[in-house]
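Asks: My structure is below; once you've seen it, I'll send some questions.
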Amino acid sequence: MRVVTLLLAFTAMLATLASANEQRVTSPDGRLTLVVSDTAGLRYRVELDGKPLLADSVLGLAFADGTTLGPSAKITTTKTTARNATWDNPFGQRRTVPDRFRELRIELREAGTPVRTFALVARAYDEGVAFRYDLPEASGLGEFTLQRELTEFRFPADHRSWVGDESACAENTYRERKLSAIPQQGRGNQPFRSVLPLLVETPAAYVAVAESDLLDWAGLFLTGTGGNAVRAELAPREDKRGAVVGRVPMVSPWRVLMVGRTAGDLVTSDLVATLATPSRIADTSWIKPGVSAWDAWWTGVNSSQPQFTGLQARGDNRSHREYIDFASEMGWPYQLVDWFWYQNMTNERKNLFSRPNNPSGDFTKSTPDIDVPSLVDYARSKNVRLFVWGHSLDLQTAGVDETFAYLASIGVAGVKIDFINSDSQEAAQWCVRTLEAAARHHLMVDFHGTYKPTGLARTYPNFVTQEGVLGNEYNKLGGNRADARHTLILPFTRGLLGPMDFTPGGFLNRTPSTFKTTFPAQVMGTRARQLAMTVVYRSPLLVLCDSPANYRGQPGVEFFRGLPTVWDESVVLSAEIDKHVVIARRSGDRWYLAAMNGDAPATLDVRLDFLRSQSGNWSLREFADGDDPAAPETVVETTRELGKARNLSIHLQGGGGYAAVIAPY
């Protein structure tokens, strides 16, 4: 009898003694293959269309008791599974996300006294490959301390790459280097710790190295070797006990290789989120994405607090009501009350693991100039809800659950939690516990001063955005680091990993030659570029940085009215790293189109093939750069009928941008 069963997810298991010393798993489209070998210790390589994409690379783990898994490992049995499904993401860049892969689980035996068993789980997707270490109870490791991860990413040649600088909170630039030029030595006699992702340009494809599902492990960095390889470097524990302390059974995060034929193929990838643990929050109906006004900290000036400027600027009852009023006028659902609102606040010189102040921060006591419960009530009367800032150390000292219970009781919508400043296992554990506690009290969370995304926003959808990016605030911090090159590199690097609270929307726009660090804060590049960032950079909670005084009545501000922050569909129309990116994102029946370029002016001709209804007519409302390169605040706004046209020519000034809304009529 022949039985054919059609399933969205199917499992075809094979458990046999592996007579060969090489095992392969191939993507559903047959083009990507991850090969695992035990010929000379545990190794892997990756092939694209049968040709090497990554060369033989070491796998392994080294423990404090002298146990090392990998160098003498032998494959014993294998099991294959496959999946062809989708998952629903109401908080991302596409509502329906493919989850289509083939998986190979490899059981391994490490020779020695005693013999150890462990496993490697490998997956191949059409858009990349991933693997993770599995330490079962049968391994005999019991309670363990992991000192090092031996994983390598070895490329066949010395390719061009974009490498994250070192940073305790992923606020870094990405420098172009040859692989061999990636440093080996970092700060304080420590190995160089490059913030992920690493983007590598090979002749056949672009490869981005990332990680996913970091829940109870040390965060992954990369360090150079002086050759074509980089190797894993785990964040050390805060208590100096190696990198990871645990008890079997336990799994590592996924080590991810995102693969795209072009750089643009990577830009809207959801692979990091897809590999993460699915949502642990059953009811997400209370999680509401949207645009938020900020407060006076960004501009660095507050007329009713003139004694505090620059980095010490802060809001008060008067200024917060001004921002709330503007949010209400624009139809934005949120306003953010940033630091200096509660008594005994810890400042930026301490992080989550510092010694607490005495007395420590008290979230139940507002400062004399800010009455948060009153502001919550005022905002509610304007159909606006508040996010409030909190130092992670103050939150931990006061009690996470107790503080969240209080904030929820007065009607706060969410919390911006700052200065974690660590990728350690303890930091990852703390973030998980904090998100769980926030969910119990129906609070949304925006982590700042934190590590790069690892898919945690899928596991906890109340994690509505995060920093972990060198964002717009660096325009006021000096060093001119948030320039056209950096902001264009982000979609191809940091933007691949997940949401980022870049806080776009600066309206004091300057050219590189006229820009200066001053207050109120300026931004480099054109105003249309700041508009484009709100579409190119994804963030379910979109915090717009500038003040009501700088927005009200200004050219371009109407683009922010009714602006979605989550999307049903996303398409890259054209992209070249260091040159330009053009993205279209759909919300309902409207498309939002955005373009950014580098320092040189550009004219881009793009096809609008994403407009599926070829017989339909469409209107275009566009916000474009002006003709004068010396006038970056100029925005040319036009509305016209596209009709059935499917071609669009976009002119960008150097450091320019373009934003448009395409709607049917």
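Asks: Can you go through Asp213, Asp239 and tell me which one is farther than 30 Å from Glu107 by Cβ and modelled with pLDDT of 95 or more? Spell out the reasoning first.
Replies: Details: Asp213 fails: farther than 30 Å from Glu107 by Cβ.
The conditions single out Asp239.
Asks: Go through Pro183, Pro203, Pro278 for me and flag whichever is part of a loop (DSSP other than H, G, I, E, B), over 25 Å from Arg160 (Cα atoms) and not hydroxyl-bearing (Ser, Thr, Tyr).
Replies: Working: Pro183 fails: over 25 Å from Arg160 (Cα atoms); Pro203 fails: over 25 Å from Arg160 (Cα atoms).
None of the other options fit; the residue is Pro278.
Asks: Another question about this same structure. What pairs come out if I take residues in the stretch 21-37 that are at pLDDT 95 or above and pair them with residues that are part of a loop (DSSP other than H, G, I, E, B) and surrounded by fewer than 16 Cβ atoms within 10 Å (Cβ to Cβ) whose C-beta lies under 8 Å away, six or more apart or interchain?
Replies: Hits for this filter: Ser27/Asp126; Pro28/Asp126; Asp29/Asp126; Arg31/Asp49; Arg31/Asp126; Leu32/Asp126; Thr33/Gly50; Ser37/Asn21.
Asks: Another one. Among strands (runs of 3 or more DSSP E) lying entirely in the stretch 127-167, which contain 1 or more residues that are under 20 Å from Lys240 (Cα atoms) and in the same structural domain as Ala111 (by TED's automatic domain parsing)? Step through it out loud before you land on a result.
Replies: Details: elements: 128-135, 143-149, 152-154, 160-164.
Ranges flagged: 143-149.
Asks: Moving on. Considering (1) over 22 Å from Ser319 (Cβ atoms); (2) in contact (Cβ under 8 Å) with a residue 12 or more places away in the chain; (3) not in a loop (DSSP other than H, G, I, E, B), say which one Tyr451 fails and leave the rest.
Replies: (3)
Asks: Given the stretch 547-665, what strands (runs of 3 or more DSSP E) lie entirely inside it while holding 2 or more residues that are touching a strand residue (DSSP E or B) at 6+ places or on another chain (Cβ under 9 Å) and under 25 Å from Gly331 (Cα atoms)?
Replies: Details: elements: 569-576, 580-587, 590-597, 602-607, 618-625, 635-643, 647-652, 657-664.
Strands (runs of 3 or more DSSP E) meeting the threshold: 569-576, 580-587, 590-597, 618-625, 635-643, 657-664.
Asks: Taking the criterion of being crowded, with 24+ Cβ neighbours inside 10 Å, modelled with pLDDT of 95 or more and small (Gly, Ala, Ser), would at least one residue in the stretch 442-461 satisfy it?
Replies: Yes, the stretch 442-461 contains at least one residue that is crowded, with 24+ Cβ neighbours inside 10 Å, modelled with pLDDT of 95 or more and small (Gly, Ala, Ser).
Asks: How many of the residues in the stretch 181-219 are out of contact with any Ser or Thr (no Cβ under 8 Å at 6 or more places or on another chain) and more than 16 Å from Leu496 (Cβ to Cβ)?
Replies: Going through the stretch 181-219 one residue at a time, the tally reaches 10.
Asks: Can you pull out the residues in the stretch 44-53 that are of a type in the set (D, E, K, R) and within 29 Å of the chain's Cα centre (by Cα)? Walk me through how you get there before you give the answer.
Replies: Let us first name the residues in the stretch 44-53 that are of a type in the set (D, E, K, R), namely 45, 47, 49, 51.
Matches in the stretch 44-53: Arg45, Glu47.
Asks: So which of Thr465, Thr518 is under 23 Å from Glu348 (Cα atoms), in contact with an Asp or Glu (Cβ under 7 Å, 6 or more places away or on another chain) and either hydroxyl-bearing (Ser, Thr, Tyr) or assigned to a loop (DSSP other than H, G, I, E, B) (or both)? Give the derivation first.
Replies: Details: Thr518 fails: in contact with an Asp or Glu (Cβ under 7 Å, 6 or more places away or on another chain).
So the residue among Thr465, Thr518 that is under 23 Å from Glu348 (Cα atoms), in contact with an Asp or Glu (Cβ under 7 Å, 6 or more places away or on another chain) and either hydroxyl-bearing (Ser, Thr, Tyr) or assigned to a loop (DSSP other than H, G, I, E, B) (or both) is Thr465.
Asks: Now for a different question. Restricting attention to the stretch 44-77, report how many residues are outside any loop (DSSP other than H, G, I, E, B) and either of a type outside the set (Lys, Arg) or over 20 Å from Val115 (Cβ atoms) (or both). Steps first, answer last, please.
Replies: Filtering the stretch 44-77 down to residues outside any loop (DSSP other than H, G, I, E, B) leaves 44-48, 51-58, 61-63, 68-69, 73-77.
Cutting the leftovers down to either of a type outside the set (Lys, Arg) or over 20 Å from Val115 (Cβ atoms) (or both) gives us 44-48, 51-58, 61-63, 68-69, 73, 75-77.
Going through the stretch 44-77 one residue at a time, the tally reaches 22.
Asks: Going residue by residue through the stretch 353-367, is there one that turns out to be at pLDDT 95 or above, under 26 Å from the mean Cα position of the chain (by Cα) and crowded, with 24+ Cβ neighbours inside 10 Å?
Replies: no
Asks: Looking for whichever is within 21 Å of the chain's Cα centre (by Cα) and over 27 Å from Gly525 (Cα atoms) here; the options are Leu407, Leu435. Which one fits?
Replies: Details: Leu407 fails: within 21 Å of the chain's Cα centre (by Cα).
One residue alone meets the criteria, Leu435.
Asks: Considering (1) at pLDDT 95 or above; (2) assigned to a loop (DSSP other than H, G, I, E, B), say which one Leu336 fails and leave the rest.
Replies: (2)
Asks: Part of a loop (DSSP other than H, G, I, E, B), without any contact (Cβ under 8 Å) to a residue 60 or more places away in the chain, assigned by TED's automatic domain parsing to the domain that holds Ser366 and farther than 28 Å from Asp216 by Cβ - does that describe any residue in the stretch 315-330?
Replies: Taking the stretch 315-330 first, the residues part of a loop (DSSP other than H, G, I, E, B) are 315-316.
Restricting the remaining residues to those that are without any contact (Cβ under 8 Å) to a residue 60 or more places away in the chain gives 315-316.
This time we only want the ones that are assigned by TED's automatic domain parsing to the domain that holds Ser366, so: 315-316.
After this cut, where a residue has to be farther than 28 Å from Asp216 by Cβ as well, the list is 315-316.
Yes, the conditions are met somewhere in the stretch 315-330.
The values are calculated or read from the model by the stated rules, or taken from the named source; none is laboratory data. This is a predicted model, so every value here is computed, not measured. So basically every Cβ, Gly included, is an ideal-geometry build from the backbone, and we count neighbours across all protein chains shown.
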